[in-house]
Structures are given as structure tokens and as C-alpha cells.
1. Suppose R0 equals 30 Å; then what is the FRET efficiency for A:S69 and B:T7 from their Cβ-Cβ distance, rounded to the nearest 0.05?
2. I want to check the label-to-label distance for A:L11 and A:K42. Put each point 7 Å from Cα in the C-beta direction and report it in nm to one decimal.
3. At 10 °C and 1.306 mPa s, grab the translational diffusion coefficient of the range B:1-115 from Stokes-Einstein with a Kirkwood Rh over Cα pairs, rounded to a whole number in µm² per second.
4. Accessible area per residue of chain A at 1.4 Å probe, in Å²?
5. Among B:60-68, A:42-50, A:24-32, how do they line up from the highest to the lowest mean number of other beta-carbon atoms within 10 Å?
6. Convex hull over the Cα atoms of the range A:1-110, averaged projected area in nm²?
7. Taking a cut-off of 20 Å between Cα atoms, list the aspartates and glutamates near A:K42, but don't count ones fewer than 8 places away on the same chain.
8. With every protein chain left in place, what is the accessible area per residue of the range B:52-100 in square angstrom, probe 1.4 Å?
Amino acid sequence: KQEVTQIPAALSVPEGENLVLNCSFTDSAIYNLQWFRQDPGKGLTSLLLIQSSQREQTSGRLNASLDKSSGRSTLYIAASQPGDSATYLCAVDSGGGADGLTFGKGTHLIIQP
Amino acid sequence: KAGVTQTPRYLIKTRGQQVTLSCSPISGHRSVSWYQQTPGQGLQFLFEYFSETQRNKGNFPGRFSGRQFSNSRSEMNVSTLELGDSALYLCASSRDWGGSYNSPLHFGNGTRLTVT
């Protein structure tokens, strides 16, 4: 059974810093990995999707990497802003749709102005 | 392009009652998935519908059911509500069935269900 872990559970940093969020998964046989952000009381917003054959994806100040063999992904946020404050969730598809996505518990990020 | 729309946003029900939640996917998306989010368990997959057929289901009791209509809109039903069913229920749509490459999920804002 796939398990996804995100470290740290919470993170608070001053505005302007670069930061890295970590995600690890137990079964390397995945189809893709997706990063989401969730604002309080809201749904999830898709940030980046990395296919199993890819190593990284970039969107603006965000860069996500994937190392399937070691079961790890990182989300790099450059020049953090207060608007980046949210919970960041990592999810993997390891069943080809059979089991939906398996989510980590998330990293609660606070960017201090 | 309108996003995924879920109604209602909030619901309060009593134990033993049943409830129906609604989800309208992004136009052109044929897959609708449902997830339950609780503080203790996080996000858990309920089921996915594609072209009006349930493709797969998560580890939830039979009290949880759903359906999808020809216009891709989906409903989720929970019968005989229990206190533990209190959660945020999220619907997500995608262009293709879950697990397809390059077909990210787009989530709605959810329905907050409180069972008293």
C-alpha cells in the first residue's frame, strides 16, 4: 500500500527566503506526482504535475523535482512571498487510476512579512 | 473557463439522515473524483466516475455512493450518517480518467458536512 509522507509538517520563514518542501513515497512504481496548495476553507489548487518519466517541472517561482528510484520529490519555492502562505500537499498516482491519488498530510507554510 | 463547482458549501445533518452532494466539473472534463478530507486522516479517495461509469472505489463502506450524469455532473450520497462522516468533501475533475499522463486534477472548494 502506497504511503506518502511530507516533512516538515509546518514551516515558518521570513519573506524573501528560498525554501524546500519534501515529499517521500514508499512505492516507486508511480504514474505521476502532483503538488497542490490549499488555502484555509478552500479546495486544492494544482501547482505542478510530474509524469513518471520526468525529473522536474517548473512554473514561475516553483520548481518540483522527482526521483522515483529513491521515492522522493521536492518543491522549491524561490523568493517566498506572504501570498505563498498555505498548506502544500503532495499526491501520487500509483494505481493507474485504480486507487485515486494518495496524499501526504501536507506542509503548513507561513511566510512572515 | 468556470472551475469545478460544488453545492452546497455547508451542510448540517443529524445522525441517521442521508445527504446528497453535487459537483459540476470543468466543461469538457469527463472524469469526476470524490475525496474526503478530515484532520485525522487527511485526504482519502472515495470513488471516480468516467463517462457515467464508476471506475474505482476507495476503502469506504457501502453507505457512500455516487453517480454521474450524461453531462458529467456528479452526485455523491451518504446514507445513515454517522458522526465520523463530518468532513470536507472535495470533488475533482480531469479531462481523462484518473492516472492518465498529463491530466491533472482540478478541485472544487468542497462541501463542509457536519453531522450532529
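1. Given R0 = 30 Å and the Cβ-Cβ separation, E is 0.10.
2. For A:L11 paired with A:K42, the spin-label model returns 1.9 nm.
3. It comes out at roughly 113 µm²/s.
4. 45
5. On the way: B:60-68: 15.7, A:42-50: 19.8, A:24-32: 17.6.
Ranking the peptides B:60-68, A:42-50, A:24-32 by packing returns A:42-50, A:24-32, B:60-68.
6. 6.4
7. A:D84, B:E75, B:D85
8. For the range B:52-100, the per-residue accessible area is 45 Å².
The values are calculated or read from the model by the stated rules, or taken from the named source; none is laboratory data. Predicted, not measured: the structure shown is a model, and the values here were computed from it. In this analysis, Cβ positions are derived from the backbone assuming ideal geometry, glycine residues included, and neighbour counts consider all displayed protein chains. The area values use the complete protein model at the heavy-atom level, side chains included, leaving out ligands, DNA and RNA. Shrake-Rupley method; radii C 1.70, N 1.55, O 1.52, S 1.80 Å.
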